[in-house]
Amino acid sequence: MRLPAREQAELAGQRLYHFHGGLRLRHNKEVSCRSPLRRSRLPPRLYVPLLQHAGEPASALVVPGQLVLKGEAIARFEQPVAGFLHAPTSGSIAAIARHAISHPSGQEGLAVIIRPDGRDQWCALQPVVDWQTAEPITLRQKIGEAGIVGLGGAVFPTSAKLSDAHDKTIHTLIINGAECEPWISCDEMLMREQAARVIAGAAILQRATEARQTLIAIEDQMGEAGERLQAALDAFQANSRHDGRNASGQEQIRMVKVTTIYPEGGERQLIQVLTGLEVPAGQRPTDLGLLCQNVATAAAVADAILEGKPLVERVVTITGSGVHQPANLLALLGTPISDLIEQCGGYRQDAARLLLGGPMMGYALSSDANPMIKAANCVLVLNHADIAAEHPELPCIRCGECARVCPSILLPQQLQWDIRNGLLADASAHGLDACIECGCCDFVCPSQIPLTQWFRFGKAQWQQQLQEQSAATLARQRFEARELRLAAADQQRQQKLAQKRQSLKERRSRQPGDET
Ligand code: SF4
Ligand code: SF4
């Protein structure tokens with residue numbers, strides 16, 4: 001008899017908690033887990049977008065015609081913590097040109113286009129020789145240089161998160177393997193096939209953050225992945241000291257199974273499930289001494305530290321009812337999505353919609369010319385039957401279902417009303433920023449209101465309004481400062497004039513006496 005995750009965790013001494021709302025969804029993960037993880041083939045061209053995460057695009061460090069080796073830096077982000085983009089293979093730079101860039105806006109952007117030479121030759125790699133005794137700052141710097149970002153979908157630069165953590169005391173590092181969105185199985189496949197990499201990365205991150213303990217959270221339904229991860233963990237810990245601590249004196253790593261409920265893999269929800277702590281709106285997990293990193297990020301960290309390899313590839317799930325042979329591929333960044341679909345048997349005849357990401361949080365792509373990016377955990381091809389259930393939007397009937405399932409304890413119907421009526425300040429006051437765009441409210445809404453789309457739109461509008469307000473405030477402050485400067489200069493001039501007049505008057509009044 002298999003015990004539920006909560007009982008299993010409690011038997012292992014780890015209490016689990018609940019978060020508000022959430023949904024039990026059909027998973028459909030098994031379809032892409034039937035075949036083993038395989039490496040994607042080298043395409044004729046790689047398109048590496050200069051915009052890969054929030055913030056400004058990177059600046060290219062290469063020029064057309066230049067030869068590059070795999071792993072060489074080809075672009076640098078101006079934000080100091082965001083690091084570099086690296087050549088995913090060796091070859092020559094064909095162009096730096098506008099191309100589809102797999103961005104939610106659907107707009108094109110600049111991409112470095114690489115013509116592979118077929119040799120896939122790495123540049124000189126510099127691993128950290130003995131990471132167990134290396135200074136945490138050395139590890140953090142190396143992770144930044146390797147261009148590693150959160151591979152769970154948020155793509156926030158990992159070194160920025162680690163730097164933030166460095167300024168605070170981190171007691172618990174959470175490695176997130178609770179991949180709860182339907183259809184996506186790239187993390188499960190990574191833990192099943194490359195468990196040792198994940199464990200090594202978790203241990204390195206523990207040293208980099210100086211966290212007292214590390215918890216690796218996986219879903220209770222990931223049978224084989226859980227077993228392999230536990231075996232890799234046991235093997236790793238057999239080499240550590242026997243008093244429950246590693247060579248750095250930190251407590252050892254533990255694996256915890258959590259109940260599969262969407263969106264349990266969300267950072268704040270997982271923290272609540274594992275610790276019972278709610279991260280207050282406007283604060284970060286690091287403010288509570290917690291840091292969360294995805295399992296794929298941990299594996300990328302292991303590559304960077306143990307082998308000196310920057311982030312040039314990732315596991316992506318190619319799946320959906322509209323693709324012939326769903327699978328997980330280890331694909332180079334910049335590979336066109338059309339190429340990946342082809343390697344999975346191509347489109348079925350009834351393929352109707354292409355999404356980057358899962359059905360809940362993903363976004364539609366207008367074309368499969370879009371390339372693999374660091375954020376791409378899943379390419380989902382839906383068929384006509386999947387989208388047939390969609391009906392035209394109806395008015396809100398105030399049933400309250402959306403509030404019942406909202407994991408951020410918001411009132412989605414109220415937020416949507418605020419945004420629809422242009423009351424963005426009200427939406428912000430009602431917690432718009434706390435919305436994690438999980439799509440639970442859309443899923444249950446009987447009126448088929450695209451609530452999450454409204455929240456994405458509202459957030460973008462509110463940010464723009466805040467930027468415009470701060471620009472206007474800055475302009476007003478500059479104008480007032482100038483007025484004050486001019487008034488002070490004028491006052492000075494008047495004083496000097498008055499002094500001059502006074503001294504002239506005094507000289508004139510002294511003149512008759514001088515003559516006598
Ligand atoms: S679920 Fe839809 S219809 Fe019901 S209250 Fe929310 S927005 Fe309105
Ligand atoms: S999308 Fe936002 S408002 Fe809707 S359920 Fe998720 S967190 Fe709540």
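Protection proxy ranking, highest mean first, for peptides 395-402, 430-437, 180-187: 180-187, 430-437, 395-402, where packing is the per-residue count of other beta-carbon atoms within 10 Å, averaged. Note on Ala385 and Asn421: the model spin-label points, each 7 Å out from Cα along the C-beta direction, lie 4.3 nm apart.
The alpha carbon centroids of the range 443-516 and the range 196-212 are separated by 51 Å. In terms of its C-alpha gyration tensor, the chain has a prolate overall shape, because the principal axis ratio a/c (a ≥ b ≥ c, square roots of the eigenvalues) is not below 1.5 and a/b outweighs b/c. By definition, a body whose alpha carbon gyration tensor gives a ≥ b ≥ c is prolate when a/c is 1.5 or more and a/b is larger than b/c, and the range 393-509 fits this prolate description.
Peptides 147-157, 108-118, 125-135, 169-179, ordered by how many other C-beta atoms sit within 10 Å of their residues on average, highest first, read 169-179, 147-157, 108-118, 125-135. Geometric descriptor of the range 318-383, per residue, is 72 Å³ (volume of the convex hull of the Cα atoms).
Dividing the mean sequence gap of close Cα pairs (under 8 Å, 6+ apart) by how many residues the chain holds gives a relative contact order of 17 percent.
Sort the following peptides by mean Cβ neighbour count (other Cβ atoms within 10 Å, averaged over residues), highest first: 503-510, 293-300.
Order by mean packing, descending: 293-300, 503-510.
Loop-located trypsin sites (Lys or Arg not before Pro) in the range 15-115 (DSSP state not H, G, I, E or B) with no more than 16 neighbouring Cβ atoms inside 10 Å: Arg15, Arg24, Arg26, Arg34, Arg41. When only alpha carbons are used to place a centre, the range 70-119 and the range 312-343 end up 19 Å from one another.
For the range 345-424, a/c is not less than 1.5, where a ≥ b ≥ c are the root eigenvalues of the C-alpha gyration tensor, and a/b tops b/c. That puts it in the prolate class.
Partners of Lys70 within straight-line reach, counting lysines whose Cα lies under 29 Å from its Cα and excluding those fewer than 8 residues away in the same chain: Lys142, Lys161, Lys309, Lys374. How fast does the range 413-470 diffuse by Stokes-Einstein, in µm²/s, taking the Kirkwood radius from C-alpha pairs at 25 °C and 0.890 mPa s? Answer from the Stokes-Einstein relation: 213 µm²/s. Rounded to the nearest 500, the 222 nm mean residue ellipticity of the chain from helices alone is -11000 deg cm²/dmol, with -39,500 (n - 2.57) taken per DSSP H run of at least 4 residues.
Laboratory data are not the source of any read-out in this text; all were calculated from the coordinates shown. Since this is a predicted model, take the numbers as computed values, not measurements. Methodologically, a virtual Cβ is constructed for each residue, glycine included, from the backbone with ideal geometry; neighbour enumeration extends over all protein chains shown.
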